[in-house]
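The values are calculated or read from the model by the stated rules, or taken from the named source; none is laboratory data. Owing to the predicted nature of the structure, the values given are computational and were not obtained by experimental measurement. Glycine gets a Cβ as well: all are built from the backbone with ideal geometry, and neighbour counts include every protein chain shown.
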Amino acid sequence: MEKKLALQMRGITKRFGPVLANNHVDLDVYQGEILAVLGENGCGKTTLMNMLAGIYFPDEGRILINGEEVVISSPKDAFDHRIGMIHQHFKLVDLFTAAQNIILGMEDHGRYNLKEVNVQVSAIAEKYGFHLDPQKKVYEMSVSEKQTVEIIKVLYRGADTLILDEPTAVLTPQEIDRLFAVLRKMKEDGKSVIIITHKLNEVLEVSDRVAILRKGEHIATVQTAETSEAQLTEMMVGKKVELTIDRPEPVNSTPRLFVKHLNLYDEEHVRVLRDITFTANGGEILGIAGIAGSGQKELLEAISGLQPLESGEIVFRNPKKDRPVTFFHKSMKKVQELGREHAFHDGNGREVTFEGMSRSAVRKLVESGKVLFKEDETINLRDKTPLEIRQLGVHLSFVPEDRLGMGLVGSMDLTDNMMLRSYRKGAAGFLDRGKPRALAEQIIEELQIVTPGVSTPVRRLSGGNVQKVLVGREIAYAPKVLMAAYPVRGLDINSSYTIYHLLNQQKESGVAVIFVGEDLDVLLALCDRILVLNGGAVTGIVDARTATKEEIGLLMTKTESREGGEAREE
């Protein structure tokens, strides 16, 4: 049976000053289908959907619903035409119940009967397979429950077309499966579902058709069953892109950062980190997985000196250069002590042992200066500020989740943002702008940052380009430990794979990389080990080469660590 058109967009154009966000876009949406909208960051996906939702008004073009042209100039107009949008950042009142949030803002001539509303909300939830208590307060809810409230909110208002912006970004694999099951039930009920997403595997799993945008223009709409990840990527980017993440085997992996029994409380004295213990090794990528708000942000900030700890240790191990074992120790006992603490070698990578040798032979070999050992320095980072950590000679780089709030200064240009790392090196009253400017130009070229030049204020760049500036600056610092919180959030596919390549380069040069990510497929493909957090506690540390998404998803919802905070590695 031929499907009926639910809505059409014809010649939709939207400009923001000189920027052309959408250029004569045509789009069809059918009743009873799931349509995915794909495209690189900045291609106009969300702008296009915001015009359907009444947040923006098109400069040119028409919107037709059931074949009739309509005007949508506000979210109320959109609801009047049975269109509802679920945004990536939820718009809920924490102190209200689910039912109160669902009816909030609706017009009514009398007082609402909350008992009746609770019954109606429960009926909608049961119909589509949601799990929701309508009387539960929002502040008590998980992320998936909050998303459920947002979806039921638009269903309660009678929406037949639902637009979801990045709906799986903060969900576990099990929650994603449940969401997709709900979306399929909506489709069977005749609803039209539009998903804005960047996860190609999910597009192929749940959608019926895929609309691809590139640089504000509609490139094509294809049947999902007749396409592949590679074809979709080529249409999005305009050229072939290799969608494989290299994961070199760790070479000479050595412990670099020791985190022991970390406990941290927030300003309201709520415990946000619970007895965190793990080791980050140089020459490997340690991934951190967890539902949003599980303590990822606080953990990285505590290590970098931005959060005061209640208790625990943070110790950096700094390998020194090889030193010869000489007889300034004056005794064989001292040599034996060294042997227990350090591995002796001959400078060519071959291990040297004194087994079976006489005391005089050992003395002669040691005095020759051909027996070497690597003496390590341990530095306590607990209660040190970022400046104090740097003054101790510890090269620690941090790419925070909040790019402009913590990482960069939006009003400064690229050169000045590079100088935030080096301005103290200038002579009194003078700053060296030459090297920072050269670094800014190098990062622009290597990471393909779209900007008029190094003198452009960072706040004028797109979110993805801002992220590239921040990641490029922190890597240029030549760190021994590199911590990155969601470094590819907001980046297009090309840029994301560039960042993955840069992280692997750091790994191969012996850096201990700690990578906080939200895409489990990427974590499993990129990392060597994955530490899972839930509720501020470690619930497991797994080998990324053998673990599954389902296993990590279960750990993400687990309430207790396996061994009282010091989780066992799989």
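Give the residue that is nearest to residue 6 (Cα to Cα), with candidates limited to residues of the stretch 158-185 that are in contact (Cβ under 8 Å) with a residue 60 or more places away in the chain and polar (S, T, N, Q).
161
State all residues of the stretch 516-540 that are small (Gly, Ala, Ser) and either in contact with a Ser or Thr (Cβ under 7 Å, 6 or more places away or on another chain) or under 22 Å from residue 166 (Cβ atoms) (or both); if no residue qualifies, say none.
The first filter runs over the stretch 516-540 and keeps only residues small (Gly, Ala, Ser), leaving 517, 525, 535-537, 540.
Hits for the stretch 516-540 are 517, 525, 535, 536, 537.
Could you say whether any residue in the stretch 381-395 is of a type outside the set (Phe, Trp, Tyr) and assigned to a strand (DSSP E or B)? Walk me through how you get there before you give the answer.
Here is the first cut: in the stretch 381-395, the residues of a type outside the set (Phe, Trp, Tyr) are 381-395.
Cutting the leftovers down to assigned to a strand (DSSP E or B) gives us none.
No, that holds for no residue.
Among the residues of the stretch 157-166, is there at least one that is out of contact with any Lys or Arg (no Cβ under 9 Å at 6 or more places or on another chain) and farther than 24 Å from residue 29 by Cβ? Talk me through it step by step, then tell me what you get.
Initial filter on the stretch 157-166 (out of contact with any Lys or Arg (no Cβ under 9 Å at 6 or more places or on another chain)): 163-164.
Going one step further and asking which of them are farther than 24 Å from residue 29 by Cβ, we end up with none.
Checked against the condition, which is being out of contact with any Lys or Arg (no Cβ under 9 Å at 6 or more places or on another chain) and farther than 24 Å from residue 29 by Cβ, the stretch 157-166 yields no hits at all.
Counting only residues that are modelled with pLDDT of 90 or more and closer than 19 Å to residue 386 by Cβ, which one in the stretch 310-335 is surrounded by the most Cβ atoms within 10 Å (Cβ to Cβ)? Can you show your working first?
Step one: of the stretch 310-335, the residues modelled with pLDDT of 90 or more are 310-316.
Applying the additional criterion that residues be closer than 19 Å to residue 386 by Cβ yields 312-316.
Values: 312: 17, 313: 14, 314: 21, 315: 16, 316: 24.
Checked the stretch 310-335; the qualifying residue surrounded by the most Cβ atoms within 10 Å (Cβ to Cβ) is 316.
In the list 454, 488, 450, which residue meets the criterion of being β-branched (Val, Ile, Thr), in contact with a helix residue (DSSP H, G or I) (Cβ under 6 Å, 6 or more places away or on another chain) and surrounded by fewer than 18 Cβ atoms within 10 Å (Cβ to Cβ)?
The conditions single out 450.
Which one of the conditions (1) assigned to a strand (DSSP E or B); (2) of a type outside the set (Ser, Thr, Tyr); (3) not assigned by TED's automatic domain parsing to the domain that holds residue 493 does residue 231 fail to meet, given that it meets all the rest?
That leaves (1) as the condition not met.
So which of 66, 50, 113 ends up being assigned by TED's automatic domain parsing to the domain that holds residue 222 and surrounded by 15 or more Cβ atoms within 10 Å (Cβ to Cβ)? Walk me through it before giving the result.
Numbers: 66 fails: surrounded by 15 or more Cβ atoms within 10 Å (Cβ to Cβ); 113 fails: surrounded by 15 or more Cβ atoms within 10 Å (Cβ to Cβ).
Of the residues listed, the single one that is assigned by TED's automatic domain parsing to the domain that holds residue 222 and surrounded by 15 or more Cβ atoms within 10 Å (Cβ to Cβ) is 50.
What number of residues within the stretch 49-68 satisfy the criterion of being within 17 Å of residue 162 (Cβ to Cβ) and assigned to a loop (DSSP other than H, G, I, E, B)? Before you say what the answer is, go through the steps one by one.
Residues of the stretch 49-68 within 17 Å of residue 162 (Cβ to Cβ): 49-55, 63, 65-66.
Retained after the next criterion (residues that are assigned to a loop (DSSP other than H, G, I, E, B)): 53-55, 66.
Residues that pass the stated criteria total 4.
In the stretch 347-369, which residues are loosely packed, with under 13 Cβ neighbours inside 10 Å and on the phi < 0 side of the Ramachandran plot?
348, 350, 351, 353, 355, 357, 358, 359, 360, 361, 364, 368 - these are the residues of the stretch 347-369 that are loosely packed, with under 13 Cβ neighbours inside 10 Å and on the phi < 0 side of the Ramachandran plot.
Residue-wise test of (1) assigned to a strand (DSSP E or B); (2) farther than 28 Å from residue 229 by Cα.
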{"site": "15", "(1), (2)": "yes, yes"}
{"site": "25", "(1), (2)": "yes, no"}
{"site": "43", "(1), (2)": "no, no"}
{"site": "47", "(1), (2)": "no, no"}
